[in-house]
Every structure is written in structure tokens, then in C-alpha cells.
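Notes follow once the structure below has been shown.
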Amino acid sequence: GEDVEQSLFLSVREGDSSVINCTYTDSSSTYLYWYKQEPGAGLQLLTYIFSNMDMKQDQRLTVLLNKKDKHLSLRIADTQTGDSAIYFCAERYSGGYQKVTFGTGTKLQVIP
Amino acid sequence: EAGVAQSPRYKIIEKRQSVAFWCNPISGHATLYWYQQILGQGPKLLIQFQNNGVVDDSQLPKDRFSAERLKGVDSTLKIQPAKLEDSAVYLCASSLGAGGGTDTQYFGPGTRLTVL
């Protein structure tokens with residue numbers, strides 16, 4: 001089945017690390033993504049990880065993938081007020097037209 | 001490089017009326033997507049075009065929704081007649097269409113539809 005779940009809300013203080021979690025159900029997914037959506041804007045790709053990787057680091061962003069548990073996380077180091085947004089995880093399926101399914105989104109609030 | 005353009009940005013209509021949205025993808029992008037994003041949810045794919053052909057419209061409510069991309073460039077999405085539950089943001093995205101996980105989708109700002 002195609003189901004991607006996230007917690008709805010996360011609040012952190014500026015300068016702390018944020019960890020946003022995501023679970024998915026399809027073990028045949030090939031790529032997993034993190035997108036950021038600011039108010040009134042479309043989605044912006046932050047980073048992605050191939051399903052045979054455990055970790056990917058890109059500046060302040062660290063993606064961890066636990067394929068056994070179908071768990072994906074995004075860690076943002078030194079969180080800034082500009083990081084306040086909704087974060088979506090998404091998975092791409094290996095079959096058919098490789099459709100991308102998005103999670104429900106986690107709203108990150110950064111407190112100054 | 002210009003991004004994905006969408007218009008209008010906002011639209012308010014009454015139920016049973018018709019509405020159309022327009023999308024101009026990034027130049028050279030072969031794949032175009034229309035998503036529906038209901039408040040508090042993630043985007044849901046409605047239809048995916050590869051050039052001017054449809055490759056996936058499995059989640060498009062075809063009794064009321066239609067989309068076309070006649071010349072393989074810009075696209076229109078139409079709803080006729082609209083229902084209250086169609087209130088959402090309609091996002092257009094495009095990608096090069098090379099396939100694989102690195103085929104990044106670039107999103108437009110969306111059209112916010114309110115059906116009264």
C-alpha cells in the first residue's frame with residue numbers, strides 16, 4: 001500500500017536541532033525525499049536519499065533511513081527562524097510510472 | 001531560469017460552477033504534474049504528463065476533472081462542475097523527465113481554490 005505518515009507539529013528553540021520523522025509502508029520504494037513548503041509557496045526539494053543508503057548529510061541537513069523499520073528522519077542542525085515551514089517526506093515507487101507519494105507534512109515552528 | 005508559473009493564484013467560485021487553472025512549466029521539462037493539496041494534507045497526484053501524453057491519471061476524478069497539455073508545453077486543469085470538497089490548493093510541477101530519483105520536481109506557487 002501507499003501510505004506515508006508524519007507527526008503534525010514540532011516546536012524547537014532557535015539554535016537547537018530539529019528532528020522530523022516519517023514512516024512509510026512500501027518496501028519497494030527507490031528514493032525518499034524531503035521537501036519544504038513555506039506559506040503561500042510551492043514545495044521545494046531539500047534533499048533525497050537512495051533506498052540502499054543509511055545516511056546522507058548535506059550542510060545542516062542529515063537524513064537517516066532505517067529500511068528495516070521503514071523509517072526516515074530529517075535532522076536540521078542549528079535550527080533558524082527561517083527554517084519555520086511545513087516539511088513533507090515523500091517516497092518514489094519502483095514500479096509503474098515511479099509515482100511519488102507525499103506524507104501529511106510536519107509543521108516546524110522555531111521559537112526565537 | 002524562470003520557475004513554474006501558475007495562474008490564477010486565487011479563485012473563489014460557487015459549487016456547480018466551472019473553473020480552469022493554467023500552468024507553464026520550466027522550459028525544456030518534458031514531465032508535468034498536477035497535484036491537489038487539501039488543507040492539512042500532503043499533495044496528491046492528479047495527473048502526470050510526459051510531453052503531451054498522459055502517463056498516470058489514476059487518481060483524477062474523471063467525471064468532473066479534465067486536463068490537457070496539447071503542445072507538450074503548458075497545461076490546463078479544469079473542474080466542471082465544482083463541489084465543496086474540491087476546495088484545495090492545486091499545484092503544478094515539472095521535471096526534466098529523465099527518470100530516476102534525481103528527476104527533481106520543481107513546483108509552482110499553486111492556485112488556491114475556494115468553493116462556496
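Some observations on this one:
- Residue-count net charge about residue A:86 - beta-carbon cut-off 9 Å; Lys, Arg +1, Asp, Glu -1: +1
- The protein assembly as shown, accessible surface, carbon-and-sulfur percent (1.4 angstrom probe): 50
- Taking all Cα pairs closer than 8 Å and separated by 6 or more residues, the relative contact order of segment B:45-92 comes to 27 percent.
- Across peptide A:40-46, the mean count of Cβ atoms from other chains lying within 10 Å of each residue's own Cβ comes to 6.
- With Rh defined as the Kirkwood radius, the inverse of the mean 1/r over Cα pairs, the Rg/Rh of chain B is 0.95.
- For the protein assembly as shown, the Stokes-Einstein estimate of translational diffusion at 10 °C and a viscosity of 1.306 mPa s comes to 88 µm²/s, using the Kirkwood hydrodynamic radius over alpha-carbon pairs.
- Ranked packing of B:79-87, B:103-111, most packed first, by mean Cβ within 10 Å: B:103-111, B:79-87
- Whole-number percent relative contact order across chain B, with pairs defined as alpha carbons under 8 Å at least 6 apart: 37
- Accessible-area ranking of B:16, B:64, B:69, A:60, largest first, probe 1.4 Å: B:16, A:60, B:64, B:69
- Distances between every pair of Cα atoms in chain A, grouped in 5 Å steps from 0 to the bin holding the largest one, split as 2, 13, 24, 25, 19, 10, 5, 1, 0, 0 percent.
- A cut-off under 14 angstrom between Cβ atoms defines the neighbours of residue A:61, and their net charge, with Lys, Arg +1 and Asp, Glu -1, is +1.
The values are calculated or read from the model by the stated rules, or taken from the named source; none is laboratory data. Not measured: the values here are computed from a predicted model. Ideal geometry is used to build each Cβ from the backbone, glycine not excepted, and the neighbour counts take in all protein chains shown. Please note that ligands, DNA and RNA were not included when accessible areas were found on the heavy atoms of the full protein model with its side chains. Shrake-Rupley method; radii C 1.70, N 1.55, O 1.52, S 1.80 Å.
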